[in-house]
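The values are calculated or read from the model by the stated rules, or taken from the named source; none is laboratory data. In this text, all values refer to a predicted model and were calculated from it rather than measured experimentally. Glycine gets a Cβ as well: all are built from the backbone with ideal geometry, and neighbour counts include every protein chain shown.
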Amino acid sequence: MKPSLLLLFVTILLSQTQIWAQENPKIDSYTLGTGIRFTAPNGNQLRLTGYLQPFAETKTLLGDENEDAATRFRMRRLRMRLEGNSANDRFSYRFQADLSGTGEELDGNSNYLLDAFVTYSITSRIKASFGQRATFTDNRELFMNSNSLQLVERSRLTSAFATIREFGLFLEGNFRMGGGHYLKPYFVLTNGDGPNVFTRDRGGVKIGGRIDYLPFGLFTNLGQFNQADIMRELTPKLVIGANFSHNQGMSSRRGRESGAILYLDNNNQELLPDYRKFGIDFLFKFRGFSMLGEFVKSGATIPEGITQRVRNDGSTTTSFDVNGVEDMPNYVRGRMMLGEAYNIQLGYLFKNGISIDGRYTYLNADQHSFLNNGTFYNRPNYYTLGLSKYLRRNYGAKIQGDVTYVRNNGGINNNAGLPVTGNELISRMIVTFSF
């Protein structure tokens, strides 16, 4: 945990407390899992929520007696959220931090600041947000909070292609059509460098959007943004969506980290590839049954003027070796997440709070793509079976366990970079407590 971040959160909380103390607020409601809601006499509202998730994971290489199982225990997430809105609901804000020090996809990135944005309702149907938040151009699973996941971890599709959070302008609409149908369009304009950038921005901007269609009306109690059918929808509910984004001048594998991968032209000026992504997805719920389907495809445009690349130590080289041949375009592609993937998962939540869930994820890498990296990827098939016990019907507390079988199609390495021949088995367990 970073003391500076904890101090920042405490400072913001104290400042809000001092402001609200002058307004003589009262506790409007408190329910385990949904937080504490304060309401001032003038109608202003403030809500404090959070959750923690202790986590255990074991990875085993099947059929290889020389490989020991790798086990780790950690605080997967420790999140605090402060949000509020004005009396007329025109202005609202959110601040959320993760004090666990673990990146969302266990990729080693410790992004403590998650959300920090202000929202203004332009009309009753259109609102705009500015700041850092989850982007609308990712796959549908990223619409769901981490404490409401159906399985212990997000799918491999998400870890391979999702940006997760970005800084910029976000527009969203909510239009009711004839027959109770709903159409929800989204527009995104960001810096394309992922979360808050402390150095200068690289490349150009990222522009994208999404459109969702709900043919059977809205889900109960925002069920569109949760995975399991906690509310046990009495009538079928379905949302179908499509998204697209174009990142002009990307300096990382998928747009999460500014300046991670840089290229130069003959004048030593930065010249970066463009990255585009397209996806379609759906979510269906009815009487405890839920089903989520996602498809993502990415591509890149490589500028012909790239003549140098920047090494990790800051030095430059003109070498772009691909299997013994100088091939600049395909060398650049080989460092990006290029290809396609689909994820399908379904589950059933019984009335006693027990849920049985399954998932299949498939990654199909382009010929030149970082998805072919033997240590981290090059594993196209993932099969997951999970069992959960919901102790509260509002995600307030739950215990989850799952097992993922990863098939080895050849050409994969262990964490030490050594070739292995066996399939992989990953067992996970997580406990969620929300307040």
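Structure values in brief
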| item | result |
| --- | --- |
| Matching residues, the range 357-382, being part of a strand (DSSP E or B), among the hydrophobic types (A, V, I, L, M, F, W, C) and touching a Gly at 6+ places or on another chain (Cβ under 6 Å) | 365 |
| Which numbered condition residue 398 fails, given (1) part of a loop (DSSP other than H, G, I, E, B); (2) in contact (Cβ under 8 Å) with a residue 12 or more places away in the chain | (1) |
| Pairs, first aliphatic (A, V, I, L, M) and at pLDDT below 95 in the range 210-237, second buried (at least 18 other Cβ atoms within 10 Å of the Cβ) and assigned to a loop (DSSP other than H, G, I, E, B), C-beta under 8 Å, six or more apart | 228/150; 230/395; 231/219 |
| Test: residue 298 is assigned to a loop (DSSP other than H, G, I, E, B) and touching a residue at least 40 places away in the same chain (Cβ under 8 Å) | no |
| When residues of the range 210-233 are limited to those that are assigned to a loop (DSSP other than H, G, I, E, B) and of a type in the set (S, T, N, Q), the one farthest from residue 145 (Cα to Cα) | 227 |
| Residues within the range 315-356 that are part of a loop (DSSP other than H, G, I, E, B), touching a His at 6+ places or on another chain (Cβ under 6 Å) and charged (D, E, K, R), tallied | 0 |
| Residue in the range 253-267 that is among the basic types (Lys, Arg), in contact with a Pro (Cβ under 9 Å, 6 or more places away or on another chain) and crowded, with 18+ Cβ neighbours inside 10 Å present | yes |
| Residue check, residue 376 of a type in the set (Phe, Trp, Tyr), farther than 15 Å from residue 347 by Cβ and at pLDDT 95 or above | no |
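Conditions (1) small (Gly, Ala, Ser); (2) over 21 Å from the mean Cα position of the chain (by Cα); (3) in a strand (DSSP E or B), marked per residue:
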| residue | (1), (2), (3) |
| --- | --- |
| 167 | no, no, yes |
| 183 | no, yes, yes |
| 186 | no, no, yes |
| 201 | no, yes, no |
| 204 | yes, yes, no |
| 208 | yes, no, yes |
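Each row is one residue, and each column tells you yes or no for (1) under 25 Å from residue 88 (Cβ atoms); (2) within 10 Å of the chain's Cα centre (by Cα); (3) of a type in the set (Gly, Ala, Ser); (4) surrounded by 21 or more Cβ atoms within 10 Å (Cβ to Cβ).
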site	(1), (2), (3), (4)
112	no, no, no, no
116	yes, no, yes, no
121	yes, no, yes, no
126	yes, no, no, no
145	no, yes, no, no
149	no, no, no, yes
153	no, no, no, yes
156	no, no, no, yes
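Here is a yes/no grid of residues against (1) closer than 30 Å to residue 230 by Cα; (2) crowded, with 16+ Cβ neighbours inside 10 Å; (3) hydrophobic (A, V, I, L, M, F, W, C); (4) more than 21 Å from the chain's Cα centre (by Cα):
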residue	(1), (2), (3), (4)
288	yes, yes, no, yes
294	yes, yes, no, no
309	no, yes, no, yes
313	no, no, no, yes
